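Peer 1: Questions regarding the structure given below will be posed in turn.
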Amino acid sequence: MQLRGLCNTLLLMTLASGAAFAQPARNQISYDAQTRVFRLDGGGITYAFGVNDLDEVQPLYWGAQLAKGDPLPAAHTNSGVASFDMPTSTTPQEFAGWGAGLYYEPALKITFPDGNRDLVLHYVSHHIDGDSLTLVLKDVERDVFVTLHYEIDPSTGILGRSAEIENRTRQPLTIMQAAAATWALPQGTDYSLYYLTGRWAGEDHVQHEAVHPGARVLESRRGSTGHQNNPWFAIERGSTGNEETGDVWFGALAWSGSWRITVEQDALNQVRVTGGYNPFDFSYRLAPGEKLVSPVFYGGFTQHGVGGASRLLHRFELTKILPQAPHPRPRPVLYNSWEATGFDVNEAGQEALAEKAASIGVERFVMDDGWFGQRKDDHAGLGDWYVNPQKFPHGLKPLIDKVHSLGMDFGLWVEPEMVNPDSDLYRKHPDWVLNFPGRPRTQGRNQLVLNLARQDVRDYVYGFLDKLLNENDIAFLKWDYNRNWSEPGWPAAGAEDEQQVYVKYTQNLYSILQELRAKHPGLEIESCSGGGGRVDLGILRYTDEVWPSDNTDPFDRLSIQDGFTYAYTPGVMMAWVTDSPNWVNNRTTSVEYRFLSSMQGSLGVGANLNKWQPEDFATAKQLIGEYKEIRETVQHGRLYRLISPQQDSEHSVTESVAQNGSQAVVFALLHSSQFGYPFPSIFLHGLDPGAQYRIHWISSQPDGAAARMMAAPLPETASGAYWMNHGIALSLRGDFQAAAFRLDKVGAP
Ligand code: DGJ
């Protein structure tokens, strides 16, 4: 009795602290040999599939956790309703080979040397090991084996799925199409899809539309993730657009090369999502004995709307994906020189900026493009990774020492995968780039793409980076990638294997990052691709943060940041305060507005500090100090998107709640007030209703006087119930106004 009382108390304490990610008592994967049903439970979800009478592997359930012992009837073939509907197509499959009359998106399509293109995969065996399950399938006739991997995260219920395709025949075969997984939703027509679209300097627009019969294809054919679509989806039951309630299935593909996610509603109203390598221009020859391992496609479910889906993904990324998971170090406040100096970097200029950056509390100083080779602008130098002797006559050491003496660590920009035709490297190795012999080589930003799939190129890139890191005390690399592929040929591989470039390039990129991190354990890396062109769960295994956009306008950034957080944690979302008017759109905003926009992510400063006035330094110093008090909450907390800036909204409000419930942070920004309408009341989420919270205004004045005036009279301290239900009225008026505050739980450590 006493023990049960204690358990109840602990449970109540857990609920009260708002710890939404408490470990479930039990996580399990089970197999019922009688019904041939597999069931995976964890993080409040159940996922089940079975082996049917034809030995096909058939999805049965994916959703909120079922009770222990709930019946899950055996899988059975749906023999179709018409001669036009083959059972292969009317029976949903976990991982369908293209064969026997399959009309929807296959997970795997193979061409054999004898011209046979029929592949029908049946269950062979399985193995359960803790939180993971492997399932072996085989073609009904040929020795093609597919091993499906499932791993469930006990905390979030997010499942990782991937496939390993093995050729055990005596002949080579060619994979024409390979997915990581197909996800099946309950049959129905009442679904809507969220996805992210964009372009350079305009990333992460949230699209929300009904799922219709037919297919919606999200993809990149560009060789890398791309700004245009992001490999993430969420599907809501219904079309409420409600952030906090409703059933939502979501997923993200961990791959930084060309990819495709197909969302289909078939003729029997089966909705399924298939994702993996983009089959466009794809082929992968497997010699006898060889394997191809797909990327991992992660999927999850929540009953707490698309906001709940984001929070699960954020938690998963922080605790399972990032290189420093499960406890990533909070991002330091950084300064980056790019918008201040462009390519015009030198020792004296960088040192002067470093001194100013240190004076406002910056913790990491990053020198951007321009320090190497014969780099004066973007026409030359990429590929020649020696320190430019005119700009840095004594190497990088004096600058790095200076940065260290100011109490900051040092970071450096690199773009390792690219080469300018005007470089020593290209003059020596013109065959190292992606190309089709005899064809023009299309340049983007005056550069070509080094073919990282080649072993010699891979070794060169690893070698110069390793040397750079051995010779200099560098804590951080900003790893840039400023164009997409063209003429994706790999002549040296031979015609039959050239298209393996779509797999091997990205695998080698990952292996370089992994090896560098292993050799230089303190090193942190940012993934940048002209802004947000390479943001996905694949690159995030090897990089600590990403650059969401080259667009640093603080108002445009609000919607980019909002869209970004549908899929990715603010803990990796770098956001700089830069100059005003902004170079993108000539918009003028105050220093405070810019800070309160950027402080919603991982804060950086990218302004030309040489032009700042004393009051700008004072504002920056004050707000960076405030940021350090809230960054754990902003970067690693639970995000609630209270008012979305999307769709030309005038308002934007976000709230982050610390994982331990001790603090909540709110940012409210106004575009321009029209007709004197008041700013909408703000109702907080995720607080402990019975606890007391004290308000603290985050503003450029130490006592927050100006910010306080923006609000109707408010109590200094009130209960969580008050802040969540009574709401907060801000009197933000005018153009580009902003306010922020934090609520500290009274008595919390
Ligand atoms: C593109 C990046 O996104 C910018 O931040 C900057 O690093 C430039 N490249 C440098 O060439």
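The values are calculated or read from the model by the stated rules, or taken from the named source; none is laboratory data. As the structure is a prediction and not an experimental result, all values here were calculated from the model. Reconstructed Cβ throughout: ideal geometry from the backbone, glycine too, with neighbour counts over all protein chains shown.
Peer 1: Taking the range 596-610, which residues are part of a loop (DSSP other than H, G, I, E, B) and more than 14 Å from the ligand (Cβ to nearest atom)?
Peer 2: 599, 600, 601, 608
Peer 1: Which one is farthest from the ligand (Cβ to nearest atom), of the residues in the range 342-366 that are farther than 20 Å from residue 603 by Cα and not in a helix (DSSP H, G or I)?
Peer 2: 346
Peer 1: Of all residues in the range 244-259 being within 21 Å of residue 488 (Cα to Cα) and among the small types (Gly, Ala, Ser), which is surrounded by the most Cβ atoms within 10 Å (Cβ to Cβ)?
Peer 2: 256
Peer 1: State which residue is nearest to the ligand (Cβ to nearest atom) when the search covers only the range 410-427 and only residues that are in a strand (DSSP E or B) and of a type outside the set (A, V, I, L, M, F, W, C).
Peer 2: Top of the filtered list is 411.
Peer 1: Here is a further query. Kindly evaluate residue 311 against the criterion of being assigned to a strand (DSSP E or B) and more than 16 Å from the ligand (Cβ to nearest atom).
Peer 2: Considered against the rule, which asks whether it is assigned to a strand (DSSP E or B) and more than 16 Å from the ligand (Cβ to nearest atom), residue 311 comes out as no.
Peer 1: Just the residues that are more than 18 Å from residue 602 (Cβ to Cβ) and either aromatic (Phe, Trp, Tyr) or not in a loop (DSSP other than H, G, I, E, B) (or both), please, taken from the range 515-529.
Peer 2: Across the range 515-529, the qualifying residues are 515, 516, 517, 518, 519.
Peer 1: Going by the conditions given, is residue 557 buried (at least 22 other Cβ atoms within 10 Å of the Cβ), closer than 17 Å to residue 530 by Cβ, of a type outside the set (Gly, Ala, Ser) and at pLDDT 95 or above?
Peer 2: yes
Peer 1: Follow-up. Could you tell me whether the range 589-603 includes any residue that is within 27 Å of the chain's Cα centre (by Cα), among the polar types (S, T, N, Q) and modelled with pLDDT under 95?
Peer 2: Checked against the condition, which is being within 27 Å of the chain's Cα centre (by Cα), among the polar types (S, T, N, Q) and modelled with pLDDT under 95, the range 589-603 yields no hits at all.
Peer 1: A further question on this structure: Could you name every one of the strands (runs of 3 or more DSSP E) located completely within the range 186-248 that has at least 1 residues being in contact (Cβ under 8 Å) with a residue 12 or more places away in the chain and touching a helix residue (DSSP H, G or I) at 6+ places or on another chain (Cβ under 8 Å)?
Peer 2: Ranges flagged: 191-197, 205-210, 232-237.
Peer 1: Hey, among the residues in the range 48-79 that are assigned to a strand (DSSP E or B) and farther than 21 Å from residue 122 by Cβ, which one's farthest from the chain's Cα centre (by Cα)?
Peer 2: So, considering only residues that are assigned to a strand (DSSP E or B) and farther than 21 Å from residue 122 by Cβ, the one farthest from the chain's Cα centre (by Cα) is 61.
Peer 1: Only one residue in 693, 640 is in contact with an Asp or Glu (Cβ under 7 Å, 6 or more places away or on another chain) and surrounded by 24 or more Cβ atoms within 10 Å (Cβ to Cβ). Which one?
Peer 2: Step by step, each of 693, 640 is checked, and only 693 is in contact with an Asp or Glu (Cβ under 7 Å, 6 or more places away or on another chain) and surrounded by 24 or more Cβ atoms within 10 Å (Cβ to Cβ).
Peer 1: Suppose we keep only residues that are surrounded by 21 or more Cβ atoms within 10 Å (Cβ to Cβ) and more than 21 Å from residue 557 (Cα to Cα) within the range 663-681. Which one would you say is nearest to the chain's Cα centre (by Cα)?
Peer 2: Of everything passing the filter in the range 663-681, 664 is nearest to the chain's Cα centre (by Cα).
Peer 1: Can you pull out every residue in the range 367-409 that is within 14 Å of the ligand (Cβ to nearest atom), closer than 22 Å to residue 608 by Cβ and of a type in the set (A, V, I, L, M)?
Peer 2: Answer for the range 367-409, where residues must be within 14 Å of the ligand (Cβ to nearest atom), closer than 22 Å to residue 608 by Cβ and of a type in the set (A, V, I, L, M): just 367.
Peer 1: Looking only at the range 453-500, which residues are hydroxyl-bearing (Ser, Thr, Tyr) and either assigned to a strand (DSSP E or B) or crowded, with 22+ Cβ neighbours inside 10 Å (or both)?
Peer 2: 481, the sole residue that qualifies.
Matching residues to (1) acidic (Asp, Glu); (2) surrounded by fewer than 21 Cβ atoms within 10 Å (Cβ to Cβ); (3) under 24 Å from residue 472 (Cα atoms):
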site: 314; (1), (2), (3): no, no, no
site: 319; (1), (2), (3): no, yes, no
site: 326; (1), (2), (3): no, yes, no
site: 352; (1), (2), (3): no, yes, yes
site: 365; (1), (2), (3): no, no, yes
site: 369; (1), (2), (3): yes, no, yes
site: 398; (1), (2), (3): no, yes, yes
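Peer 1: Do we have residue 592 as within 16 Å of the ligand (Cβ to nearest atom) and touching a helix residue (DSSP H, G or I) at 6+ places or on another chain (Cβ under 7 Å) here?
Peer 2: No: the conditions fail for residue 592.
Peer 1: For the range 534-543, give me each residue that is in a helix (DSSP H, G or I) and within 16 Å of the ligand (Cβ to nearest atom).
Peer 2: Correct list: 539 only.
Peer 1: Which one is nearest to residue 747 (Cα to Cα), of the residues in the range 677-705 that are at pLDDT 95 or above and charged (D, E, K, R)?
Peer 2: In this case the residue turns out to be 694.
Peer 1: If you don't mind, another one. List the number of the failed condition for residue 427; all other conditions in (1) touching a residue at least 24 places away in the same chain (Cβ under 8 Å); (2) surrounded by fewer than 21 Cβ atoms within 10 Å (Cβ to Cβ) hold.
Peer 2: (1)
Peer 1: Quick check on the range 372-383. Is at least one of its residues buried (at least 21 other Cβ atoms within 10 Å of the Cβ) and closer than 15 Å to residue 469 by Cα?
Peer 2: Looking through the range 372-383, at least one residue is buried (at least 21 other Cβ atoms within 10 Å of the Cβ) and closer than 15 Å to residue 469 by Cα.
This table checks each residue for (1) more than 16 Å from the ligand (Cβ to nearest atom); (2) surrounded by fewer than 21 Cβ atoms within 10 Å (Cβ to Cβ); (3) among the polar types (S, T, N, Q).
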{"site": "502", "(1), (2), (3)": "yes, no, no"}
{"site": "510", "(1), (2), (3)": "yes, yes, no"}
{"site": "526", "(1), (2), (3)": "no, no, no"}
{"site": "529", "(1), (2), (3)": "no, no, yes"}
{"site": "532", "(1), (2), (3)": "no, no, no"}
{"site": "545", "(1), (2), (3)": "no, no, no"}
{"site": "567", "(1), (2), (3)": "yes, no, no"}
{"site": "587", "(1), (2), (3)": "yes, yes, no"}
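Peer 1: In the range 179-236, how many residues are under 30 Å from residue 91 (Cα atoms) and of a type in the set (Gly, Ala, Ser)?
Peer 2: Going through the range 179-236 one residue at a time, the tally reaches 11.
Peer 1: Moving on to the next point. Would you confirm whether or not the range 332-341 contains a residue that is modelled with pLDDT of 95 or more, part of a helix (DSSP H, G or I), within 19 Å of residue 601 (Cα to Cα) and more than 16 Å from the ligand (Cβ to nearest atom)?
Peer 2: Among the residues of the range 332-341, not one is modelled with pLDDT of 95 or more, part of a helix (DSSP H, G or I), within 19 Å of residue 601 (Cα to Cα) and more than 16 Å from the ligand (Cβ to nearest atom), which makes the answer no.
Peer 1: Shifting gears a bit: May I ask you to list the residues in the range 495-518 that are farther than 19 Å from residue 437 by Cα and charged (D, E, K, R)?
Peer 2: 504, 515, 517 - these are the residues of the range 495-518 that are farther than 19 Å from residue 437 by Cα and charged (D, E, K, R).
Peer 1: Quick one: residue 516 ticks every box in (1) surrounded by 24 or more Cβ atoms within 10 Å (Cβ to Cβ); (2) away from the ligand (no atom under 16 Å from the Cβ); (3) more than 16 Å from the chain's Cα centre (by Cα) except a single one, so which number is it?
Peer 2: The failed condition is (1).
Peer 1: Test of understanding: among 182, 174, which residue is within 23 Å of residue 279 (Cα to Cα), out of contact with any Cys (no Cβ under 6 Å at 6 or more places or on another chain) and surrounded by 23 or more Cβ atoms within 10 Å (Cβ to Cβ)?
Peer 2: Within the list 182, 174, the selection yields 182.
Peer 1: Do the conditions hold for residue 562, that is, is it surrounded by fewer than 24 Cβ atoms within 10 Å (Cβ to Cβ) and either more than 16 Å from the ligand (Cβ to nearest atom) or more than 22 Å from residue 485 (Cβ to Cβ) (or both)?
Peer 2: Answer is yes for this residue.
Peer 1: Right, here's the next one. Could you tell me which residue of the range 206-243 is farthest from residue 186 (Cα to Cα), considering only residues that are surrounded by 15 or more Cβ atoms within 10 Å (Cβ to Cβ) and charged (D, E, K, R)?
Peer 2: So, considering only residues that are surrounded by 15 or more Cβ atoms within 10 Å (Cβ to Cβ) and charged (D, E, K, R), the one farthest from residue 186 (Cα to Cα) is 222.
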